[in-house]
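Worksheet: the structure to be examined is printed underneath.
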């Protein structure tokens, strides 16, 4: 009886959010493509940043690239669990020749990634895929650390929702 109740609860929860397993899988495919993009951008930017002001963050970006690879592997493992083959194309790579521009692109990408993983966590939980939700929560924790590193280097607030432009308006880099 308890199993039947839990199953009914999970079904009701999934129906309440109107999410399907296919939507969850497509979201994971988008997530892994974002991770590939992050790996590439972090590798490029870690080597292209110059001037003494950015040398510390350049080393951190190299570490971020390794962590993003770990995230991609974790997502690939979850896709395999669902019997799916991971996509092989990254999201479009964005580059800048300007040090601050590079960091802003990475910060915006982290903002997008965190927002999407939070959506994916809600989807996983709604479908009763709690282990996937926990994997994603661990990834979000590291992505927020990346967000903090980048925001600190730029002198802005890490939390996208709290970040303001110098004129006091909400940041337009959403």
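The values are calculated or read from the model by the stated rules, or taken from the named source; none is laboratory data. Keep in mind the model is a prediction, meaning the values are calculated, not measured. Every residue, glycine among them, receives a Cβ derived from its backbone with ideal geometry; neighbour counts consider all protein chains shown.
Quick notes on this structure:
- Pair list, Cβ under 7 Å, 6 or more apart: region 81-105 residue under 21 Å from residue 132 (Cβ atoms), other residue part of a loop (DSSP other than H, G, I, E, B) and at pLDDT below 95: none
- Region 103-140, residues that are under 18 Å from residue 67 (Cβ atoms) and more than 15 Å from the chain's Cα centre (by Cα): 103
- Residues of region 95-123 that turn out to be surrounded by 15 or more Cβ atoms within 10 Å (Cβ to Cβ) and in a loop (DSSP other than H, G, I, E, B), as a count: 1
- Remark: residue 62 falls outside the filter, which requires a residue to be under 16 Å from the mean Cα position of the chain (by Cα), in a helix (DSSP H, G or I) and surrounded by 13 or more Cβ atoms within 10 Å (Cβ to Cβ).
- Residue selected from region 14-26 under the condition assigned to a helix (DSSP H, G or I) and buried (at least 17 other Cβ atoms within 10 Å of the Cβ), by the criterion modelled with the lowest pLDDT: 14
- Taking the criterion of being over 29 Å from residue 149 (Cα atoms) and surrounded by fewer than 13 Cβ atoms within 10 Å (Cβ to Cβ), the residues of region 82-94 that qualify are 83, 85.
- Residue in region 124-155 that is nearest to residue 21 (Cα to Cα), counting only those that are at pLDDT 95 or above and part of a loop (DSSP other than H, G, I, E, B): 127
- Residues within region 37-59 that are more than 16 Å from residue 95 (Cα to Cα) and part of a helix (DSSP H, G or I), tallied: 7
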